[in-house]
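All remarks here apply to the structure that follows.
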Amino acid sequence: LPTPLPPTLPVLAPEATARSLPSTPVADPYRAGWMAIETKASVAVDSLSEAEACDIFRLFGYAPEGSQRLYGGYSSSNFKVIGRRRPEDLPTNLLLKINYYGLSVEDLEHQLHVMSHLKTTAFPTNYPHPTADGSLLVESGGRRAMLLDFVEGGVSGSTLVAKGEDRAPAILHDLGTTLARLHQISWPSEPKMRDIRTGFPVCNTGDLLKGDELASLEKDKSFADHPVVTYSRECFEWLHELYREGQEDVPWGLIHGDGFLDNTLYEEGPEGDASACRLLALIDWEDSCVGPLVLDLAISASACCFTAANELLRDRLVVLLRAYMERRPLSPSERSALPDFMAAAALACAFYRFGEFNIRQGDSDE
């Protein structure tokens, strides 16, 4: 791996940051309980059964022949389902994504619009499948669901990297290239897509910007003096300036917003050939929105290029950035702002998890 950073990209050097973060450190006693940025929490929000999943699958016009719970996230329960629409059809493997009650129809329609448009560009993701009457969303018992491609043979990037660091260069190269490709796609003017200030996308960055949740925590004696709360307040004005309305320092467009390796699927390649890993799909568009394009790259850098001890994995960062810039060169303002957006992404992630596992899911083991 190349060790020097590209000379035109002053990454992570303090003098390269466009704005200065507050320097208050987070107290050491709390660090041991924090997850690494690259590690997502295990979430089990409901106990939906496979039989219930098959009932919802039928609403798409399929006769179910099997189902298997795959994983749960912050916003959905996901099942591999097998079925056929007509007796003479071959069985088809699909992904049934059953969304939690809190997600609005507008959020789900946004995701479906994004994936449907990406299909027209052959972008590597899983595409939605309609019902017999053309609907992309069904509802049952207050639960809304979508049916997507099941990516055969896909292994998450996080699983592959855990098998050995020798896989990281190929994995991060394809991730960087894919993000750059996404950022070059043209989008129709209608429907107007949500932006990062609207609340839900990118670990609820919009809610953090509104300040209501932070103010509520400051009024709660149990949390008012917690380092996450006090540091978030110190960063509040800086964060507002980074995302201020009419901010034109860096280009904006549609971003994925959650470029962790567990939102990627790869073909592993032959045994013993670590360089043969190939990206099959960038998945899960819940956090997608219109935002600074460089934020997408910053999220992946924060998620994939640090150890659990918060040490920079320099070689990984070099591969990710070079692969991205080979397809879409960063402007000088984007290169300068990248460290700020890495910090903003990490702050939003930490603040969201703090609220999720101390308040909304206070009995969680996370």
> So how far apart, in nm, are the two label points at GLU152 and GLU245 if each is 7 Å from Cα heading toward Cβ?
Replying inline: 5.1
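In segment 62-198, what percent of the accessible surface is made up of carbon and sulfur (1.4 Å probe, ligands and nucleic acids excluded)?
Working: 3220 of 6140 Å².
On segment 62-198, the fraction of accessible area on carbon and sulfur atoms equals 52 percent.
So what is the accessible area of segment 234-355 per residue, in Å², with the probe set to 1.4 Å?
Numbers: 4080 Å² over 122 residues.
Ligands and nucleic acids excluded, the figure is 33 Å² per residue.
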>> Just to compare against my own numbers: the Cα pair-distance distribution for segment 210-286, 5 Å bins, whole % per bin, please.
In response: 3, 12, 12, 11, 11, 14, 12, 9, 8, 6, 2, 0
> In the neighborhood of HIS183, defined by Cβ-to-Cβ distances under 10 Å, what is the net charge if each Lys or Arg adds +1 and each Asp or Glu adds -1?
Replying inline: +2
> Tell me, what % of the accessible area of segment 269-325 is carbon and sulfur with a 1.4 angstrom probe?
Replying inline: 50
> Which whole-Hz ³J(HN,Hα) couplings does segment 122-127 yield from phi under the Karplus relation 6.51 cos²θ - 1.76 cosθ + 1.60, θ = phi - 60°, glycine and proline marked x?
Replying inline: 6, 5, x, 8, 9, 9
> Can you give the Rg to Rh ratio for segment 171-328, taking only C-alpha atoms and Rh from Kirkwood?
Replying inline: 1.02
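Given a Förster distance of 41 Å, report the FRET efficiency between ASN93 and TRP187 from their Cβ-Cβ distance, rounded to the nearest 0.05. Provide the component values of the computation, followed by the final result.
On the way: r = 30 Å, r/R0 = 0.73.
The formula returns an efficiency of 0.85 here.
Would you work out what percent of the accessible area of segment 200-246, with all protein chains in place, is carbon or sulfur (probe 1.4 Å)?
Working: 1140 of 2360 Å².
Taking all protein chains in place, segment 200-246 shows 48 percent carbon and sulfur surface.
Evaluate Rg over Rh across segment 112-200, taking Cα atoms for both radii and Kirkwood's formula for Rh. Don't jump to the answer; show the numbers that get you there.
Numbers: Rg = 16.6 Å, Rh = 16.1 Å.
Across segment 112-200, the Cα-based Rg/Rh ratio is 1.03.
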>> Let me check something: with ligands and nucleic acids excluded, how do TRP285, TRP187 order by accessible area (1.4 Å probe), largest to smallest?
In response: TRP187, TRP285
> What's the local net charge at ARG278, with K and R +1, D and E -1, over the other residues with C-beta under 9 Å away?
Replying inline: -3
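Could you order MET325, MET146 so the one with the most accessible surface comes first? Probe is 1.4 Å.
Values: MET325 35, MET146 0 Å².
Most to least solvent-accessible, the answer reads MET325, MET146.
The values are calculated or read from the model by the stated rules, or taken from the named source; none is laboratory data. Computed from a predicted structure; not experimentally measured. Note that each Cβ is placed from the backbone with ideal geometry, even for glycine, and that neighbours are counted across all protein chains shown. Only protein heavy atoms, including side chains, enter the accessible area calculation; ligands, DNA and RNA are left aside. Shrake-Rupley method; radii C 1.70, N 1.55, O 1.52, S 1.80 Å.
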